[in-house]
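Working notes, structure below.
The values are calculated or read from the model by the stated rules, or taken from the named source; none is laboratory data. Predicted model, so just to flag it, every value in this text is computed and none were measured. Here the Cβ is made from the backbone with ideal geometry for all residues, glycine too, and neighbour counts use every protein chain on show. Quick note on the areas: whole protein, heavy atoms, side chains included, nothing else; ligands and nucleic acids left out. Shrake-Rupley method; radii C 1.70, N 1.55, O 1.52, S 1.80 Å.
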Amino acid sequence: MQRFLDPAVLAEISSLDLIARTVVDGFVAGLHRSPDFGFSQEFAEYRAYSPGDDLRHVDWNVFARTERMYLKKYRGETNSLFTVVLDASNSMNYSSHKVAKIDYARYVAASLFYLAIRNQRDAAGLIVFDDEVRNYIRPSTRQGQVSRLLHGLEMAEPRAQTDFAKPISHFQEFLRRRGLVLVISDFYGPPEQIVRTIAPLRFHGNEVVLFHVLDPREIRPDLDKPAILVDLETREDIEVTPEYARDTYQARIAAHISGLRHSARSAGMDYHLLITDLPLDGALKEYLAIRQRRN
Amino acid sequence: MGFLVPGFLAGAALVGLPLYLHLLRRHTTTPRPFSSIMFFERRTQSSIRHRRFRYLLLLSLRLAVLLLIVLAFANPYFKRAAVAAAGDKQLLLIVDDSFSMRAGTRLTDAKREALSVLASRNESTRAQVAALGSRLQVLTEPVQDSAALRAAVDSIGPGDSRSSFAELARGVRSLAEGAHAPIELHFFSDMQKSSMPASFSELLLPPSVALVLHPVVERAQPNWAVESVRAPGRVWNASEARVQATIAGYQTPAATRAVSLFINGKEVASQNAEVPAGGRANVEFQSLDVPYGFSRCEVRIDGADTLPADDAYLFSVERSDPQPVLLVHEAGDTRSSVYFGSALGSTAESSFSFQSLTVDRAAGVSLARYAFIVLADVGSLTSQFENDLVRYVRGGGGVLIAAGTSTGHRSRIPVFEENVLAIHDYSRDGARFLAAGETDTSHPSLANSEHWAGAKFYYAVAVDPSASRVVAKLTDQTPLLLDKKIGEGHALLLASGLDGITNDLPVQPVFVPFVKQTALYLSGTTDRGGARTVDSDLELRTSKEQAVSVEIVDPAGRRPLSLEEAATAESYQLTSSGYYEVRLANGRRDLVAVNPDRRESDLEIVPGDDLALWRGNTGAEPKQSTAAVAQSEPAKPRSLWWYAMLLALLAGIAESVVASRYLAVQREEP
């Protein structure tokens with residue numbers, strides 16, 4: 001099942017729903033063999049019933065045997081508000097292989113939605129933005145929420161430029177309950193400015209995680225001769241030599257990643273780098289780790 | 001500057017290929033989309049410029065390679081003369097040291113003038129000194145050292161050789177081939193007319209040589225000389241020996257000259273000779289009373305002219321008892337000894353005593369005492385006698401073999417060591433006889449007997465002539481007289497008899513001089529005594545096999561041959577006049593008198609027109625600058641293709657280095 005976490009394999013699947021299920025099933029199958037991570041559906045402990053507790057959680061089998069009411073507690077039992085903020089600017093459309101960054105972001109988001117709603121029973125929502133908010137799906141656990149979220153992801157075609165200010169302020173308008181916020185973007189911009197823009201999300205007790213999606217060629221460009229590069233967002237072009245791409249650029253992108261990671265963690269946010277040619281389990285593990293930490 | 005094959009310049013259009021690859025093709029780069037160029041700065045353009053510069057360096061090298069190759073094929077050249085005119089020149093001073101330069105102060109004047117030319121030259125100009133005799137003798141390399149050059153000029157002494165202007169031109173042509181600068185040739189000579197070659201083209205000098213002539217005399221000077229002397233090299237009867245001398249006058253008035261005969265430094269006879277104006281007179285001395293052994297003789301005149309060195313003519317004479325000659329014949333053949341003995345005894349200067357033996361009696365005779373041996377148609381020889389004969393010939397002896405009918409019956413000619421190929425009995429043919437056809441009159445045996453055509457040959461033996469010198473042939477090309485070297489000696493084969501039956505040669509007038517010359521030749525007398533001219537070669541040995549040492553003592557009393565040369569030299573050039581004492585490889589001793597070539601005695605000079613023609617400028621001053629000469633010469637194109645190819649090779653190597661570094665950068669990239 002692990003092979004279904006490979007983005008190159010997932011790219012052959014057209015249905016985002018099927019992709020999400022494939023990823024999560026494969027991921028869960030992998031977790032059963034892992035001692036490090038628990039799962040929220042796993043049994044944690046029994047607790048004596050006290051008035052006011054939800055009767056749905058009473059273990060009736062134990063009651064039948066002992067005539068005492070015990071509640072069956074699971075890990076992660078508490079329902080979380082889980083929101084994905086997806087960058088759908090033009091720069092996310094870059095790809096050096098089968099899977100573009102926006103596709104990879106979709107796979108990650110879809111898998112997380114599936115995992116959160118079907119397995120964790122979290123309320124999941126979606127904000128798609130570029131230089132403005134293009135789509136907003138309120139977090140919910142209602143029937144059909146997964147389909148709505150996946151449809152929202154499918155409709156998120158890259159365009160325009162990235163501007164974090166608008167989606168964040170928009171998100172704050174709807175954010176009344178603490179939860180988990182995942183920002184999926186390529187984060188092209190000054191790290192301090194990005195973090196400063198996103199940091200207000202934490203004011204209401206939200207857990208903020210930055211999923212930094214990059215193509216492998218954005219980290220190590222493969223120029224064998226001087227080339228003219230065109231910025232996908234600004235349409236500006238520039239002539240680049242292989243030497244510069246090999247030396248200076250790689251140093252600068254590494255410094256950018258390092259700076260973003262440092263700024264995010266300084267601001268109390270988690271940071272996770274996703275390379276589009278690597279399996280998706282890294283993102284799911286990150287999500288579960290954060291959720292486990294929250295519980 | 002020009003191009004020998006300008007059509008190849010069209011190949012320069014090939015430069016469009018690298019221009020396209022480097023400039024046009026590079027600008028067609030397709031823009032590549034990228035997420036963000038925020039990490040690329042505008043200052044990367046400097047990197048692009050650096051890249052462009054390297055591209056331009058590579059482009060330049062590639063263009064240079066193509067252009068240089070095209071240039072090499074177009075074969076550029078420039079006019080060598082124009083460059084040479086601007087460059088340095090080289091002086092070549094040649095002083096004539098031939099025999100005629102002994103006249104008056106000619107050589108001293110020539111050397112003084114050569115020294116003045118050296119003194120007036122620029123110190124930085126290189127110069128070379130040479131002397132001209134029978135060949136051009138280079139005395140120095142082209143140097144700037146004035147002291148060495150002056151010493152070389154001072155070292156030139158009077159010679160005895162005959163100068164040759166053709167040899168001068170040949171030598172200068174050879175020197176000019178190795179010279180890198182134009183040569184200014186200064187020639188100091190008496191410009192003797194006899195030194196001019198038969199063809200004026202032999203005087204041609206290379207275009208890079210400017211000739212400056214320095215005649216040391218202005219007009220011909222009168223000169224008397226003893227032109228030649230005829231005397232026997234060996235005498236046994238002084239009363240019968242004669243000495244004939246020819247006195248010549250060159251540009252001289254009619255005069256009476258006293259002619260004296262000196263023997264071993266003592267005047268033994270004197271006569272007056274009436275020499276007509278510019279003519280010759282003959283003088284004959286009736287006796288040559290020399291002591292036994294070798295005598296140094298000379299005929300001298302009272303020259304009273306500017307060249308006294310040619311007033312004496314040296315010759316040597318050996319006096320000895322008559323040497324025995326052995327004729328071996330068959331018992332039934334008495335005619336051969338009669339004919340041959342009579343002919344040998346009839347010569348006035350014969351120094352031979354004749355002895356004939358039959359084959360049977362000849363066996364066991366010591367052959368070493370005989371001057372030469374005659375085998376008169378012998379049919380059979382004992383092996384011991386034949387071996388003795390072969391050993392005798394190899395040791396330097398001579399043998400005359402008459403191959404008559406008896407010898408013809410053998411399959412092999414004794415001593416001569418050739419098989420009998422065929423027997424021609426012409427008396428049975430319709431023609432009845434054959435006459436002698438071609439004759440080699442340069443052979444000593446036929447020196448005074450050219451007319452063999454009257455003799456009739458009825459019988460001849462044919463042998464393979466490949467290893468022999470054919471002296472005479474019959475009209476059907478059958479070799480009649482053959483000479484073969486065997487060791488240090490000679491074997492002469494007459495392919496017919498001496499008995500008057502197989503031919504009528506013994507009764508022909510040509511027979512007596514033939515016998516006389518053959519006797520002198522086989523006994524070695526023709527090579528001995530007498531006189532030779534300077535620069536002639538003396539044969540020291542006839543065989544390379546024998547390592548017997550020879551010995552030469554030159555007129556100055558020195559031994560000019562080293563030990564190695566004495567053991568191996570086959571000949572020696574007699575370079576100076578005087579008496580040479582010689583011991584040859586065959587053990588014989590000789591005294592050789594050497595005289596300068598008498599053509600040197602004619603002091604007539606080359607006409608001024610001929611000299612002007614030789615200089616190549618009939619109306620100008622004799623001394624002209626090299627630059628002027630170079631400008632007047634037709635320019636010689638000098639090709640530069642080799643340099644173009646060399647530069648193309650260097651540019652190609654540089655292009656490979658730059659290109660490989662560029663490609664190496666590309667390979668390192670992930």
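For the reader, a short list of remarks on this structure follows.
- DSSP beta bridges in the protein assembly as shown [antiparallel fraction, %, rounded to 5]: 55 percent
- ³J(HN,Hα) computed for each position of segment B:240-252 - Karplus, 6.51 cos²θ - 1.76 cosθ + 1.60, integer Hz, glycine/proline x: 8, 7, 10, 10, 10, 10, 10, 9, 10, x, 10, 6, 10
- Dipole magnitude for segment A:177-291: about 780 debye, using +1 per Lys or Arg Cβ and -1 per Asp or Glu Cβ, origin at the Cα centre.
- Exercise: per-residue mean of other protein chain Cβ atoms within 10 Å, A:246-258: 2
- Summed over both chains, the contact between A and B buries some 3100 Å² of accessible surface at a probe radius of 1.4 Å.
- Taking the longest Cα principal axis of chain B as reference, the axis of helix B:511-522 is set at about 60 degrees.
- Angle in degrees between helix B:383-394 and the longest Cα principal axis of chain B, rounded to the nearest 10: 50 degrees
- With protein chains left intact and a 1.4 Å probe, residues in segment A:165-282 average 40 Å² of accessible area per residue.
- Listed peptides A:156-163, B:182-189 by packing density, highest first (mean Cβ within 10 Å): B:182-189, A:156-163
- Here's how it looks for residue A:135: its modeled amide H is under 5 Å from those of A:128, which are all 5 or more places away or on a different chain.
- Positive dipole terminus of chain B, leading residue within B:149, B:103, B:480 (C-beta point charges): B:149
- For segment B:217-266, the solvent-accessible area of protein heavy atoms averages 43 Å² per residue (probe radius 1.4 Å; ligands and nucleic acids excluded).
- Counting only other chain Cβ atoms within 10 Å of each residue's Cβ, the peptide A:216-226 averages 3.
- Calculated accessible area for segment B:370-453 comes out at 43 Å² per residue, all protein chains present (probe 1.4 Å; ligands, DNA, RNA ignored).
- ³J(HN,Hα), Karplus 6.51/-1.76/1.60, whole Hz, each residue of segment B:219-224, x for Gly, Pro: 9, 5, 10, x, 7, 9
- Vicinal HN-Hα couplings computed from phi for segment B:334-344 (Karplus, 6.51 cos²θ - 1.76 cosθ + 1.60; Hz; Gly/Pro x): 9, 6, 4, 5, 5, 4, 5, x, 5, 5, 5
- Gap separating the Cα centres of segment B:90-161 and segment A:110-157, nearest whole Å: 116 Å
- Charge dipole (debye, nearest 20) of chain B; +1 at Cβ of Lys and Arg, -1 at Cβ of Asp and Glu: 4120 debye
- Beta bridges by DSSP in segment A:146-264, antiparallel share as percent, to the nearest 5: 40 percent
- Positive-end residue of A:234, A:210, B:308, charge dipole of the protein assembly as shown with Cβ unit charges: A:210
- The share of Cα pairs per 20 Å bin across the protein assembly as shown, counted from zero up to the longest distance, runs 10, 21, 16, 11, 9, 11, 13, 7, 1, 0 percent.
- Placed amide H near residue B:420: partners under 5 Å, 5+ positions off or other chain: B:412, B:413
- Residue B:183 long-range amide H proximity, modeled H, under 5 Å: B:90, B:209, B:210
- Segment B:93-180: trypsin sites (Lys or Arg not before Pro) in DSSP coil with no more than 16 other Cβ atoms inside 10 Å: B:135
- Rg/Rh (Cα only; Kirkwood hydrodynamic radius) as it applies to segment B:454-532: 1.00
- Carbon plus sulfur fraction of accessible area for the protein assembly as shown, probe 1.4 Å, in percent: 51 percent
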